[in-house]
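*Asks:* For reference, the structure I am asking about is given below.
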Amino acid sequence: GAGVSQSPRYKVAKRGQDVALRCDPISGHVSLFWYQQALGQGPEFLTYFQNEAQLDKSGLPSDRFFAERPEGSVSTLKIQRTQQEDSAVYLCASSARTGGYEQYFGPGTRLTVT
Amino acid sequence: DQQVKQNSPSLSVQEGRISILNCDYTNSMFDYFLWYKKYPAEGPTFLISISSIKDKNEDGRFTVFLNKSAKHLSLHIVPSQPGDSAVYFCAASALDRGSTLGRLYFGRGTQLTVWP
């Protein structure tokens, strides 16, 4: 069965460029999460969608980060005016339930800002 | 501040023996705990979970133990196999609590190496 997919898998951006990262969750999953994972660290929460509603964006590190899920399925994480500190792996996860139950992760997008 | 801690960055175990990975947490609101396994260049893969109403959950070679009073959990892998070599992340959540809405809090991971 199809799992969570993310694209692109790797992205190199020059400092100041805008990037858009895509997530295709498991079909029918109502909950969608974005996490950021720095080297040697565990994933850190960025934002949460329940269907198309963004219910929690408290983990977004700055107003340069923006996420959307307009039709309750595919989600896009956009980073404007990228900075070197944005270099990380961005993970998307989906869950069939609301609440803190099992989440199923995609392979991630490795973003490198030069 | 790190609310979920994995104090051992690495663990090396011989094939066939038991692997024990440890995790501590500080937030008493956490009531659901999960273990994930991660291979290089892949996303974390869900392994096993446990609710705070239990103290043990078993799935094949994997068993998770929870000690609520000590705010400690552990993952036991018996017997360990070379294919188990990966980074293991402990995660915690506060189920359906309005303030956290299902986010997972992760530790920094433990690199398990199982040698033949």
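*Asks:* State yes or no: is A:S75 touching a Phe, Trp or Tyr at 6+ places or on another chain (Cβ under 7 Å) and of a type in the set (G, A, S)?
*Replies:* Here the answer is yes, as A:S75 does meet what is asked.
*Asks:* Within region B:19-46, work out how many residues are open to solvent by 60 Å² or more (accessible area, probe 1.4 Å) and farther than 18 Å from A:Y101 by Cα.
*Replies:* 7
*Asks:* Please find, within region B:50-78, the residue that is modelled with the highest pLDDT out of those that are polar (S, T, N, Q) and part of a loop (DSSP other than H, G, I, E, B). Can you show your working first?
*Replies:* As a first pass, look at region B:50-78 and keep what is polar (S, T, N, Q): B:51-52, B:57, B:63, B:67, B:69, B:74.
With the extra rule that they be part of a loop (DSSP other than H, G, I, E, B), the set shrinks to B:52, B:69.
Details: B:S52: 93, B:S69: 96.
Looking at the filtered set, the residue picked out is B:S69.
*Asks:* Now a separate question. Here is a list of conditions, (1) crowded, with 18+ Cβ neighbours inside 10 Å; (2) over 28 Å from A:T109 (Cβ atoms); (3) more than 9 Å from every other protein chain (Cβ to nearest Cβ), and B:V87 meets all of them except one; can you say which number that is?
*Replies:* (2)
*Asks:* Any residue in region B:1-28 that is over 18 Å from B:S80 (Cβ atoms) and more than 14 Å from every other protein chain (Cβ to nearest Cβ) sitting within a Cβ distance under 7 Å of a residue that is part of a loop (DSSP other than H, G, I, E, B) and of a type in the set (S, T, N, Q)? List the pairs, counting only those 6 or more apart or interchain.
*Replies:* Every condition considered, the pairs that remain are B:T26/B:Q3.
*Asks:* Mind checking which residues of region A:29-87 are surrounded by 21 or more Cβ atoms within 10 Å (Cβ to Cβ) and of a type in the set (G, A, S)?
*Replies:* A:S31, A:G42, A:A67, A:S75
*Asks:* Hey, another quick one. Return the residue satisfying two criteria in turn: it lies in region B:47-78 and is open to solvent by less than 60 Å² (accessible area, probe 1.4 Å) and out of contact with any strand residue (DSSP E or B) (no Cβ under 6 Å at 6 or more places or on another chain), and of such residues it is farthest from the other protein chains (Cβ to nearest Cβ).
*Replies:* B:A70
The values are calculated or read from the model by the stated rules, or taken from the named source; none is laboratory data. Treat the numbers as computed from the prediction; the structure is a model and nothing was measured. Cβ: placed from backbone, ideal geometry, glycine included. Neighbour counts: every protein chain shown. Side chains are part of the model used for accessible areas, which takes the heavy atoms of the whole protein and leaves out ligands, DNA and RNA. Shrake-Rupley method; radii C 1.70, N 1.55, O 1.52, S 1.80 Å.
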